[in-house]
Every structure is written in C-alpha cells, then in structure tokens.
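Trainee: Please read through the structure below; I'll follow up with questions.
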Amino acid sequence: MPVSQLWAVDVYGQVYSLSTAGQQWEKCSNAHMEFKRVTATQQCCWGIAFDNSVYLNVHASELPIRYQEETYENQRWNPVDGFSDHLLPSDRWQWSDVTGLQHQPLNGFQLPSHSWDWEDDWYVDENFEGEPTEKEGWTYAMDFPATYTKDKKWNSCVRRRRWLRHRRYKAMDTWAKIPSQQTPFPDPFSDLSCGGWEISEEPRGQLSLWAVSLQGKVWFRDGVCHHNPEGSSWEEVPLPGEVVQISCGPGDLVWAVLWDGQLIVRQGISRDCPKGTSWVVVESPSPEVGAAHVAVGTSVAWAVTKNNKVWFRRGVNSHNPCGSGWISMVGEMIMISVGLNDQVWAISCEDRTVCFRQGVTSSELSGKTWKAISVPRDGERSHSSASANSAQSAGCFFSGEVQDASGVTNVDSDTERGSAEGAFGHVTSTAPDPLGDATFNLSIEAPTPRIPKVTSDSFISELVSDRESGKASRDVGSAIVQEEEEEAAIPGEVHVPPLSSNQSSGAPDPQWSNVDLEETQIQHGQSAADSSSLSSVATYTFAMEDGADERPLWAWVSGGGCSVDSHSPLSWFNCSGTTSSLLQSVQSMSLSMTQSQMAAWRKQIFEQLSERSKRELDNFRHYKQAVEQSVWVKKGAIQWWRDWKPHKWVDVHLALEQFSGAEGYKDGILFIYYNYYDEKKYLHAFINEVTILVPVLNKSKHTFALYTPERTKQRWPIRLAAATELEMHDWLALLSVSCCNSRGVHGPPSKQAIWSTTCNGDVFVSEPSPALEANPYPTPSDQMFWRQVGGHLRLVECNSLGVVWGLGYDHTAWVYTGGYGGGFFQGLASSTDNIYTQTDVKSVYIYENQRWNPVSGYTNRGLPTDRYMWSDVSGLHECTKTGTKPPSPQWTWVSDWSVDYSVSGGTDREGWQYAADFPASYSGYKTIKDFVRRRRWARKCKLTTTGPWQEIPPIPLSDVTILPCVAQSSVDLVPVWAIGNKGDVLCRLGVTTLTPAGSSWLHVETDQPFKSISIGAASQVWAIARDGSAFHRGLVSPQKPAGDCWYHIPSPVEQKLKQISVGCTSVYAVDENGNLWYRQGVTPNCPQGSTWEHISNNVRKVSVGPLNQVWIIADKVQGSHSLSRGTVCHRLGVSPMEPKGQSWDYGIGGGWDHITVRANSMEPSHVHPQSASPTPP
C-alpha cells in the first residue's frame, strides 16, 4: 500500500496530516495560519483560511512543476530590407501565439503569482519537428498561415521562429495564497471540494475544484492541472437554490446540499465539459430533518442529516449518479469524507474524534463498523507514553480480563475494540465470545463534557470560546461500557458511546453489575490502603498525570488523497496492553501433551502400518516384474577441460547410459572416463540433474558446457569439445532430448515460459513452476531447467498470451511461430513444423593503437609496456587483420575490414581517437597532451541457421517491449512498442494472438532519440533517451495506442540510465554504471512516481514480470574457481508490501546477456513452514 496522507483540521484551525504508515498527527507547516476547511488529493491540498482566502499546499516531489511559455516572432520579406518586422496590415502580430490571433510580446508575460519563479530567460527554439534548424531557428512559408519548413525556398515570403521561457512552481509543502481575480467576489468562500482526476479520458493531472460562497453560490476553478496547480480563473455555476456544502469525487460525481436540506446532483460531467450541464434534485434521507453534509467517492454517496444521523446512498455510479435509495447507518457524525477506493472517514458528534469506516470493499461499499483513530498529535507522544507507564506502574491500567467458565482468560480482539488515550476511552462491545457463550451487559452513568452539536461553520467560534477551560487537567474515573442494540440496516454493527471523563478530585466507587469479580489491589494517588475490587469483565481504569494535554477535538477531515487498501493493516488504532493478554489467552487455550505421550502414540501408529505392509506384500513376492527395463549406451571420443590445475584439454571417453524404468519413465547417466597418473577414473552426472547444455564459442574448437545445480553454484561447468561441428550437434541434440525426457518436458515452450539469450546469441527457455516465486521458500534459481530453442537473437521479449518477439544482432525483428527446434535439433522429427531459415549479421572489432614520438610523430612503435599495436578493446590480446577469425566456425565473413567511425566519444576524419596514455578516456580531437591514439576497425560476419522465427520487415529495431498480461486475461489487440535503430519510437498495430507479427508501424513523435522502452500494466509506457534521461508516455489506451505526450522523469543524481523495465506496479531501471534503481511512488493516480531508490549495483539488465517479479543479469559473480560474467539472478522477498524485495538468488551463468520474465503470470504458491513434530526418544 503506497504511503499517503489523511488531512484534518482541529477546532482551533490547526491543520494536521496523518500518514498511512505513521502513528501520529503531524502539524502542517505555516502553523501560524488557521483554517476552516481543507480538501485533499494525492498531489495537493486546498484550504479556506480564517481570512476567507483560498490557499494551496502542493506536496513536494522529485518531479518539478514546470511550465513552458512560448511566443512566435513573425517576419515578412520585402525587396528592400529582406526579412524584417514590417508586416502588412492584414498580417498577424509581429509577436503572437501560434495562431497569430493573440498579441504576445516578450515583455507581456508575467508570473501568475508569487509562487512561481522564472528558470531562464527567453531563448530561440532551434528544433523543428524534432530536427535542428538553421539560421537561428527560423522556419519558412509562402504566407501566413501555411505549412512551415526549416529550409528556405525561392517562394518563401514569410518566416517565424518560436521563443521559449520556462517557469517553475516554488511553493512546495507550504500554504500559498491563490491570487484573487481583478473582479472581487461578492462574498467569501465557505466550502470547497477537489476531485475529478479520474474522469473518463481526462488527461492526467487535471483536477476539478468546486467552491461555495457564503451567499450560496457555486464556483468552479478552471485550468487546475499538474503544470498549473493554482488554476486560472473562477467561473460561476448556475444553481436551482442556495448551496451550503459541496462534494466532488475522483470521477464525475458532484453532490451539493441546499439550505433547505435537499440534495442536488450535477449531471453531464465529461472531459469536454468538466463543469457539467445541469442539476438534479435528490430528496433528503429524512425530509422532516434535512441534509447537512454530503460526501461522494467513485461509486458511493454518504450524507449526514441535521440530527447527525449517517446515511448511505445505494446504486450510485457514473451511469446513475443519483443512486436509487437511502440506507440508515449506525453512528452520529457531524461531517463525513470519502477518499480513494471509496474509503470513509467521519468526525464523531459526541467526542469530536476522527473515525474510520472499516470493512469497505468493492463488494461491500457501506462497510461494517466505525473505529476511532487513536493516535497522538505531534508533540504529545512522549507525554502520553509517560502517562501510560505511570498508570501501569500504579497497577491500574487495563486491570481486568474476561474469563470463560473454565477460567481461561480471554481478550476481545474484535476490530471495534476501544482504545484509551489521555482522558478518552472508547470501547465497543462485540459478538458473543468465541470461547464462552456468556455475554455481559454493563451500564454506568458518567458526566459528559459539553461539546456543542453544530451544523455549520459557527461551531468553531463556539468551541474556541471554551479553549481555556478545556485545557484544565482532569482525573478520569473508571467506566463500564454499555452494549447497545444492533441496527437492522447493517447487521452486526454496534453503535458505542464513549467512556466519559469524571472531573471529581477523587476516583468514585464504580457501580458493579452482578458478575463474578476478581480482587485487584490498586493504589490511588499516594494512598496504598485505598483499594477496590475491579470487574473481571470490562472495568477499565485510566489515570493521567497533572498537566496532560486534552484529547484533540476535530472540526474537519479530508481523505481525498488517502489511499487505504481494505486488506492492508493500519497502525492508527492503538489498544495498549492487549497484545500480551491475547498471547496469554491463546497459550492457555492450547492442549497440553507431554513428550512421552506423543512418542508412545507415534510408535504405536508406526508399528501398525509396518505390520500391515508386510502382511500385504508377502503374498506377491513370487510374482515376476510385469514391465521389463531397457538400457542402451552411446559412446564416443571427446575432449574435456579438466577441473584441476593446470587446466587444459585432455582426451577422454564419453558414455551416455540411458534406461527406461518400470513405470515408463526415462533417465540416464553421463560418464566421462579419463586417466589420472595412469589410473583410470571417471566423472559422472545424472541426466535428471543437468540444468542446461550451452554451446560455447571457440575459434578453434566445437565446444559446449554442461551445468548441474552444484556446478552452477561453483560457476564451473563440465566443458567438452567435439572433433567436428556435426559431432558436437549430435551430442547436444542427444543430451538435450535425454534431459527433456527425464523431466517430462516436451514440445514448444508454454505461453508463460521464461526466455533468455546468451552473449553468443543462443536462445533458451525455462518452464516456471508456482514455487518459483513462492514466499518465503521459492525454488532456487540454480535448479531451473533450461532448454535451447533454435535461432540466433540478441534479445527476446514476450507476454503470457504467447506473443514473442526477438531482435537479432543486425537489428532485424523476428516473431515466434510456435514451433520448437531448428539449429542442432533440425534432424529430430519434433523440429520440422514452423521452422524457418534465419540469418544474423554481427560486426567483429579490432583496434589499431599508435604512440607519438618527437621524430616521426604517431607510429606503431610503442613502449615495451604498451599494449599490442593491434589488439582487442582491452589491449591484452593481440588481434591482427589476418589473424582475427569469425566468432566460431558457424560464422563466415561477408565484408572486408573498414574503419569504424561510430565510436563512443567521436573520431577525427581518419577515425582516430586520442588520449594521454593507454588506457584512458578517448576523444575525437587532438590536444597537446595526447601521446597515444587508436581507431577501431570493423568486419561483418554472417550466420545462417534455422529456428521457429519469421522476419518482420522492414524497419531495423534496437529494442522492443510487449504488454505483460496476468493469467486468464483477454486482450484483443496486444500493445507492442519498439525503438528504431535510429532512436525513433514505434508502436505496432494489429498484434493479436493469431497474428503476433501485427500489420503496420505507427511512428510516435519524439524530440530526441531513444534507446530503451518498456510497457507495463495499464499500458504504462516508460522509455530511456540516449542522453540517459527517462520519459513516461501519457494516456496510452486501446483507443489511443500511441498515447498523448512524453513526460520527462529526472534521472538519479549524476547517473545516466540505459535500460528500463515496467511490471504491474513496479518500475526498475539500470544506469550506465551498473546500478539498479527502483521508482518509488508509482500509483494509478501518479504513474510517474516520485523518487528513485538505489537497490543494487553490478547489474547489466533487468526484467520485471506481470506480478512484479524482478530478475536481472548480474555483471560479475564470484564462483569457486573463477569470476562469472553475465549471471541470471532472481530477487527474493518481493511482495505487495515489499516491492523492492530483500536479497538475490543466483542462477545460471555466466555468459548470459538477456532475460525476460514478462510472460510468467503464474501465481506463486503459498509455502508455509512445517512445524516440528515431537519425535520418540
């Protein structure tokens, strides 16, 4: 559950906020200001102060509020002056808006209020439609208005250029006064309500702010959005009568209360008309009394009548905003507020406490019970704790316990349990005790403090007058709770009066009912002899130290920005002393059994089962086995990279022994026979323990590696080399089929398979199990079984609907056909369907290095300590043009060596990069301090193979992403986004499960090239630009697949992002330094999130699944023998309450380059630790 705020105002006008993760009310900034009412959203809070002015408090976030002002400078050409400011009388203004109709000179722009600051001065925008312009940003056309181009033509008679200036909103986390309009209002505001951010198809960030004046008029604030949080102007809305209070929900619900007690509902609210079109009158729940307050949410409406009764309106939704009927609810409240998820808060009429409606769900919108929020205000916690400790040390704090007939203590654990805080106690009786059938009805009369019942703003002045008298310290006597009748409208709900305080100097004798009592000694003050008998049922005695603050009296509460999940616990309800009593109660209920009794019982059961098994099996011992086992062996000569030093290739004999079991299962053992000092030895691996078979690129040998869980942990596989490529493929195919048979894995991958690729382009899949993401005992990643799929790809992306795309090293896009096989599987019968020829092209790079000397300048004669003059990028290995071969025998050269100019950092005209020494940072220009230089040579090679892939022409891609879907979801058109090879953003149209290749590309407008993109749940599209900045695409939907616009997301401090992955609600990114970042604060109402939080380093790539699973490719992992680069790792402990997880589990590696878990929508199994059973001695 994301952290959000509940806002409230006490009777003295002080504003407080309570976090969903906090345990105390925090006083808002600007404590010197006093407010009447507030209305909150997740982004901001509006309020009406005692000076009748409207104030705004915008919550601070990492995403600044910036607004771009623009104006256009227009010029016309004439034969004398050329292009000049002399325009024709019929032309537009010299300085105008984009339409030319509005005069906008540079000095005519003013800041809207003192809450804004200019970020920069006016400057010319030198970009036109994403491309740079020439000649100071001018664009040309034949006349006004027309189509503008960046190139001047012979008939270009007019030109214009755009000037930009940005302003930033600076009044964050403080109350900023909203400037009044030039025309003053006839009277000040008395109420306001903010909402409307979930109006259908409404652009995100738009808000609807409604206000009521003292004369009963309703006003609407125009232009309130993220870039303009103050809005622009007030507009009066016509009314059928005078209004006293108004409420606006997150969607299109707006209700108001008239002076005569009737209710009106606004109709016709939509994106194009957020103010609505008309009002409809709804009768009050109690016509003879009339309504005093109303609150609406997404699909609910609550009302409070003038006699403080609470009512719930059933049948309310966007299609029927008026609802169908009223239901009377338990409780007496002075006002009510509805927040996110239709959760409800209210202020109690009797004691002015903030109450929360428990049990509100999508299926039960009316909830179940009211529960008081009993947390201290800022500055009261330490004093309250001292008071509680003092009371407990005196022996008079929660002194009684409920007992059943057997004498077992019991503490009532119902959610309506009361709480004690200061001089206030609130206890609610509940359903019959689960341990006993007896229920008790106790009653006591106690004086009640004077708290006026008010239905308008007048209550503030009346309560403030009692401010001094209310602060007097008071001693609290004991009180006994009276159980009241349940209301028929909501079965099982109980209305409970509060425990009242007694202002007498001494504690009065309690009035006991006819129940069994237990004797407890309690000291009052300094007297040890003054004791009394306390009830064992529900007698609670409270004490306060002299000088303690009084409990808060609340006047207003707003939950519009508070997000509470009905299944998530809150820490707002303190009930001291119950935890230990409840634990004792449970422990005393448990059945006791000695160890000797348990051992004897287990031994007796075991003997009986053994005797029965022996008796039944003896009659069949002379029968022969019904199914015959078969064994066959394949042998061959091969080379093995031995495990001990010195490591080298040795000739060995390989034998695969396979057998079929009695029940039809197949298994086998792989033996490697070798000589060790003339002694014959062997190494073996069980086929059912092999987790993966990986081809390994080697310029001179045909090698492959074999992993088991133990060797995965060691990062040291069994490496074998065949004499020919055909022999290697035969062994790989045979061993792969044997491994699949032993595990019962056959045919194409499932729709929820996990896909990965190695740095050599080999494609692998693994079938997930529910235990893979189980918490807290998931299947270890090193036990996952991977099998190879034909083809050669750089990356693969997929979703649970079976749509799988891949990209080759030459940026060609491929779509999965549903087959299985190809490559070295092409000789098997199972690999003939949906298999096609696939090609891939990649470049091999070598570096030419030179050093400068005073005689001959730059030459290939370096120092003795220098790198090779022809080397790889590290300089540690010599790589010449003639000696460099393709990556493996499967690759063939398709071009000659040529200088590569597309090197990071730039080059000069001959492709050289310069630096002070080897190694260092290289640049494309020479300075006086540069003594070495290098240039990169490239040569292309080609691979031809087969696999279940079909090409998607014609645009080359550098990245692709597919919408992740949860299990059993139905999507007609699957969103697929991609990044072109030149950095342009593309959206694929027509992608379905039957046509996964789609039909056509839709270009998405960008102002800079991108390099990574990812789409998450609810079509949330995130992307990374080539400069390392992040962007979020707004308003992506099936009706608008390309979205609306890009929102810039600041990168982590001093970091440049390179890759991003979006799941259901989690967003992870990797920067260029290998750091993994988690985006905090991502919610449906705030999809851009708030801040970046560092999770880990040493990360190459990340993949987030549809259930927020997190998998990465780690860059370096230390094994028992060597350092592994490119290792699959799984994030453990990921849950809705802990989306960032806790630790890493290391899987297969190294040599891995990409993984995607975006198709694994399999719900994790819930594994519970087994309790240890007593064993016989």
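Trainee: Probe of 1.4 angstrom, ligands and nucleic acids ignored: what's the accessible area per residue over segment 279-342, in square angstrom? All intermediate terms of the calculation are to be shown ahead of the outcome.
Mentor: Numbers: 2110 Å² over 64 residues.
Ligands and nucleic acids excluded, the figure is 33 Å² per residue.
Trainee: Right, something else. Quick one: accessible surface of ARG271, probe radius 1.4 Å, all protein chains present, in square angstrom to the nearest 10.
Mentor: Rounded to the nearest 10, that gives 100 Å².
Trainee: Please compute the alpha carbon radius of gyration of segment 842-943, then divide it by the globular-protein estimate 2.2 N^0.38 Å. Two decimals is fine.
Mentor: Working: Rg = 14.3 Å, N = 102, 2.2 N^0.38 = 12.8 Å.
With N residues counted in segment 842-943, Rg over 2.2 N^0.38 Å equals 1.12.
Trainee: Moving to a separate point now. I'd like the carbon and sulfur percentage of the solvent accessible area for segment 1027-1090, probe radius 1.4 Å, heavy atoms only, ligands and nucleic acids excluded. List each step's numbers first, then the result.
Mentor: Details: 1280 of 2450 Å².
Percent of accessible area from carbon and sulfur atoms in segment 1027-1090: 52.
Trainee: If you don't mind, another one. Between their Cα atoms, which of LYS635/LYS1116; LYS614/LYS666; LYS635/LYS680 are more than 27 Å away from each other? The partial results should precede the final answer.
Mentor: Values: LYS635/LYS1116 37 Å; LYS614/LYS666 29 Å; LYS635/LYS680 17 Å.
Those over the limit are LYS635/LYS1116; LYS614/LYS666.
Trainee: Per residue, how much accessible area does segment 66-169 have with a 1.4 Å probe, in Å²? Write down the numbers at each step before the final one.
Mentor: Values: 6390 Å² over 104 residues.
Heavy-atom SASA per residue in segment 66-169 reads 61 Å².
Trainee: Something else about it: At a Förster distance of 51 Å, what's the computed FRET efficiency of ASP833 paired with THR859, Cβ-Cβ distance as r, to 0.05?
Mentor: Numbers: r = 60 Å, r/R0 = 1.17.
My answer for the efficiency is 0.30.
Trainee: Still on this structure, please answer the following. For segment 66-169, divide the Cα radius of gyration by the Kirkwood radius and give the resulting Rg/Rh value with two decimals. Write down the numbers at each step before the final one.
Mentor: Working: Rg = 14.8 Å, Rh = 14.7 Å.
Rg/Rh for segment 66-169 comes to 1.01.
Trainee: Oh, and also: Counting only heavy atoms of the protein chains, get the accessible area per residue of segment 759-824 (1.4 Å probe) and round it to a whole Å² value.
Mentor: On the way: 1520 Å² over 66 residues.
I get 23 Å² per residue for this part.
Trainee: OK, next. Could you look at segment 842-943 and say what percent of its accessible area is carbon and sulfur, using a 1.4 Å probe and all protein chains?
Mentor: Details: 3160 of 6000 Å².
The nonpolar share, carbon plus sulfur, comes to 53 percent.
Trainee: So, one more: Roughly how big is segment 7-106's charge dipole about its Cα centre, with Cβ charges of +1 (Lys, Arg) and -1 (Asp, Glu), in debye to the nearest 20? Don't skip to the end; give the middle numbers.
Mentor: Values: 6 positive and 12 negative charges, 81 e Å.
About 400 debye.
Trainee: On to the next question. Hey, any idea what % of segment 66-169's accessible area is carbon plus sulfur with a 1.4 Å probe?
Mentor: Values: 3150 of 6390 Å².
Carbon-and-sulfur percentage of accessible area, whole number: 49.
Trainee: Moving to a separate point now. Between SER84 and GLN783, how high is the FRET efficiency from 1/(1 + (r/R0)^6) when r is the Cβ-Cβ distance and R₀ = 56 Å? Nearest 0.05.
Mentor: On the way: r = 78 Å, r/R0 = 1.39.
It comes out at approximately 0.10.
The values are calculated or read from the model by the stated rules, or taken from the named source; none is laboratory data. Everything quoted here is computed from the prediction, not taken from an experiment. Every residue, glycine as well, gets a Cβ built from its backbone with ideal geometry; the counts of neighbours run over all protein chains shown. Side chains are part of the model used for accessible areas, which takes the heavy atoms of the whole protein and leaves out ligands, DNA and RNA. Shrake-Rupley method; radii C 1.70, N 1.55, O 1.52, S 1.80 Å.
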